[in-house]
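Participant: Supplied in C-alpha cells, the structure appears directly below.
What follows is calculated from the coordinates using simple rules that are stated; it is not laboratory data. The shown structure was predicted, so the numbers you read here are calculated from the model rather than taken from an experiment. As a convention, Cβ positions derive from the backbone with ideal geometry for all residues, glycine included, and neighbour counts pool all protein chains shown.
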Amino acid sequence: MWRSTTCLRVKTAKRVLGRLAQDKGAASSSKAALKSGRTVLATQRAYYSTNTTPRWASAATALKSTPRHLSDDRSEASTSSILDLPTSRIDDRQVIIGWDPHTYSRYHHIWLRDHCRCSECFHPVTKQRLVNTFEIPPGVKPVHVESRADGLEVKWPSSRPHTSFYPWSWLQQNSYDPHLAREPPQEKILWGAKILQSPPTVTYEEAMAEDDRGLFKWLSNVEKFGFCFITGVPPTPEATEQLSCRIGFIRETQYGRFWDFTSDLAKGDTAYTTMALGAHTDTTYFTDPCGLQLFHLLSHTDGSGGATLLVDGFYVASILKELHPDAYDILSRVPVPAHAAGEASALYTPTPRLGYPVLRHQGEELIQVRWNNDDRSVMSHLEPSMVEAWYDAIRKWYALLTSADSEFWVQLSPGTAVVVDNHRVLHGRSAFDGKRRMCGAYIGIDEYRSKLAILSERFAPDSVVHETAAYASVNGRSIWNPAL
Ligand SMILES: [Zn+2]
C-alpha cells in the first residue's frame with residue numbers, strides 16, 4: 001500500500017546511508033580501500049528510488065470521483081480509509097498532511113496560498129507567478145481542505161471563492177517541515193585512474209543526431225562522470241564548433257569565442273606554451289568560472305608528448321574528507337583570490353575580491369571545485385594562526401590530486417574531442433614538442449544545465465513531472481516541474 005511504500009523508501013535511504021557510514025569507517029582505516037576506480041556517491045544515490053510511482057498516483061484514475069472529506073477532522077487517528085490517501089487537516093497556522101501514521105508534513109497557510117498554481121495565480125504558459133503575494137492577508141487560513149485521489153484541494157475565504165490544488169507528489173517533494181527524501185537530478189559516479197578501462201564516450205553521430213537522444217546520453221555522461229569523450233569528430237574547427245553549439249551558447253572570454261590555436265603564447269597564458277600543466281580548473285579568476293570546456297586536438301606534427309590529464313575533483317575531495325577532515329574543512333571555508341593578468345588589455349579578478357573556497361558547497365553537498373595554484377593571488381587575508389594550517393591543507397590536497405590513483409592520463413588524437421565539467425573535473429597535460437593545433441570552446445554552466453533539464457523532461461521525467469504531466473502540461477512543460 002501507499003503508506004508502506006513511503007516507509008520503505010525512507011528506511012531504504014537510512015540503510016544505504018548506514019552502509020555508507022560503515023564503508024567510510026573501513027576506508028578511513030585503510031587507504032587501500034580507497035583505491036577503487038569508481039566510487040558511487042552513495043549519499044546522493046540514497047535518495048534515489050527507481051520505484052517513483054507512488055500508490056496515490058496509480059489510485060488516482062479509479063478514485064477521482066470519490067474524494068475523501070477530512071477538512072474539519074481534527075483527529076489524527078481518523079485515518080482509516082479504504083482509499084489509503086494521505087490525510088489532511090487544518091491547524092491554526094498550517095495544513096497538516098499525514099503521509100502515514102508516523103509521517104506528517106506541515107505547510108503554512110501563507111506558503112500554500114502563495115504557491116497556488118491555478119491559472120489566476122500562476123501563468124500556465126510563462127510559468128511565472130501572477131498572485132500578488134503582498135495582497136495575501138498575513139493571517140490567511142483555509143476554510144476547507146480535502147484529500148483527493150491525486151492531490152490536496154484547499155478552499156480559501158474570499159469575496160470571490162478561490163480553490164487551490166497541489167499534487168501529492170509535489171507536496172512531498174517540497175515538504176520543508178520536515179524535509180523529506182528527494183530525488184537528486186542525477187546520480188554522480190566518482191572515479192579515479194581506473195576510469196581509463198571504460199571512459200564515458202559517445203560518437204559524433206550520436207551527439208549530432210536530430211532526435212537528441214544521443215545528446216541526452218552525452219550530457220547525462222557529463223553529469224554522472226564530469227567528462228565525456230566524443231569519437232569520430234571530423235578534425236576541423238567547423239565540425240568542433242558545431243559540436244559545441246549542440247550543448248548551448250558558446251561563452252566568449254578574453255581568449256575569444258571559439259578558439260583555434262597553436263603554442264605561440266598569443267594570449268599571455270601558459271596554456272599557449274609547450275610546458276606541462278598540472279591538474280587545474282579554468283578561469284578561477286572569474287566570479288562564475290566557465291562551466292563546460294570542450295577541446296579537440298586537430299593536429300600534432302614533428303613531435304610527441306602532450307598527453308591529456310583528467311582528475312575527478314569530487315573523488316579527490318571525498319578522499320581528503322575521509323583522511324584529513326580538518327584540511328577539507330579549511331579548503332571549504334577559506335576563500336582564495338585569483339587573477340588573469342597576462343594581457344595588457346585585460347585584468348580579471350573575481351567578485352568578491354577575496355574569491356571563493358577551493359571546495360564550494362550547498363548545504364553538505366559539494367557542488368564545485370575551483371583550483372589553479374598558478375593563478376592564485378596574494379593570501380593576505382589569512383589569520384596569522386591559520387597560515388601554516390592553510391599551507392598544510394593545500395599540500396594534502398595537492399598530494400591526493402597528483403597521486404597515481406587519481407590521475408587519468410590519455411593520449412588524445414585528432415578525431416576525439418573531450419568535454420569537461422570545469423566545476424568538477426580538473427585537467428592538465430604533459431609537456432610536448434613539435435607543433436600542436438587545438439580548438440575548443442567554453443559553454444556556461446547554466447546553458448548546459450538548461451539543455452540537460454529539457455532533455456531530461458523529454459527522455460527521463462522525474463516522478464513529479466511524470467505524475468502530473470497528463471493534466472498539468474502546457475506547452476509540453478508541467479506547472480509542477482520541480483525546477484519552478
Ligand atoms: Zn489560485
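Participant: Karplus couplings for the stretch 315-322 from phi (6.51 cos²θ - 1.76 cosθ + 1.60, θ = phi - 60°), rounded to Hz, Gly and Pro as x?
Facilitator: Once rounded to whole Hz, the list reads 5, 4, 4, 5, 6, 4, 4, 6.
Participant: Lys and Arg at +1, Asp and Glu at -1: add these up for the other residues within a Cβ distance under 13 Å of His427 and post the number.
Facilitator: Numbers: positive: Arg424, Arg429; negative: Asp282, Asp312, Glu407, Asp421.
Net local charge, His427 excluded: -2.
Participant: Checking the a/c ratio against 1.5 first, then a/b against b/c, what shape does the Cα gyration tensor give for the stretch 189-454? Don't jump to the answer; show the numbers that get you there.
Facilitator: Values: a/c = 1.58, a/b = 1.38, b/c = 1.14.
It is prolate, given that a/c is not under 1.5 and a/b is the larger ratio.
Participant: Moving to a separate point now. Among the trypsin sites (Lys or Arg not before Pro) within the stretch 209-283, which fall in a DSSP loop and have no more than 14 other Cβ atoms within 10 Å of their own Cβ?
Facilitator: Details: sites: Arg213, Lys217, Lys224, Arg246, Arg251, Arg257, Lys267; in loops: Arg246, Arg251, Arg257, Lys267.
Listed in order of number, the matching sites are Arg257.
Participant: Let me ask something else. Using alpha-carbon pairs under 8 Å, 6+ residues apart, how would you state the relative contact order of the stretch 189-454 in percent? Numbers along the way, then the final one.
Facilitator: Details: 567 pairs, mean separation 98.8, N = 266.
About 37 percent, as a whole number.
Participant: Would you kindly state how much longer the chain becomes between Arg213 and Thr126 on full extension, computed as 0.36 nm times their sequence separation minus their alpha carbon distance, in nm to one decimal?
Facilitator: On the way: separation 87, 0.36 × 87 = 31.32 nm, distance 2.61 nm.
Result: 28.7 nm gained on full extension.
Participant: Expected output is a single nm value to one decimal: the length gained when fully extending between Asp446 and Cys245, i.e. 0.36 nm times separation in residues minus the C-alpha distance. What is it?
Facilitator: Additional length available on full extension: 71.0 nm.
Participant: Once R0 is set to 45 Å, what does the formula 1/(1 + (r/R0)^6) return for the Cβ-Cβ distance between Thr301 and Arg376, expressed as a FRET efficiency to the nearest 0.05? Before the final figure, lay out each step's value.
Facilitator: Numbers: r = 35 Å, r/R0 = 0.77.
With a Förster radius of 45 Å, E is 0.80.
Participant: Multiply the residue gap between Ala483 and Gln197 by 0.36 nm, knock off their C-alpha separation, and tell me the result in nm, one decimal place. Provide the component values of the computation, followed by the final result.
Facilitator: Details: separation 286, 0.36 × 286 = 102.96 nm, distance 3.57 nm.
Using 0.36 nm per residue and subtracting the Cα-Cα distance, I get 99.4 nm.
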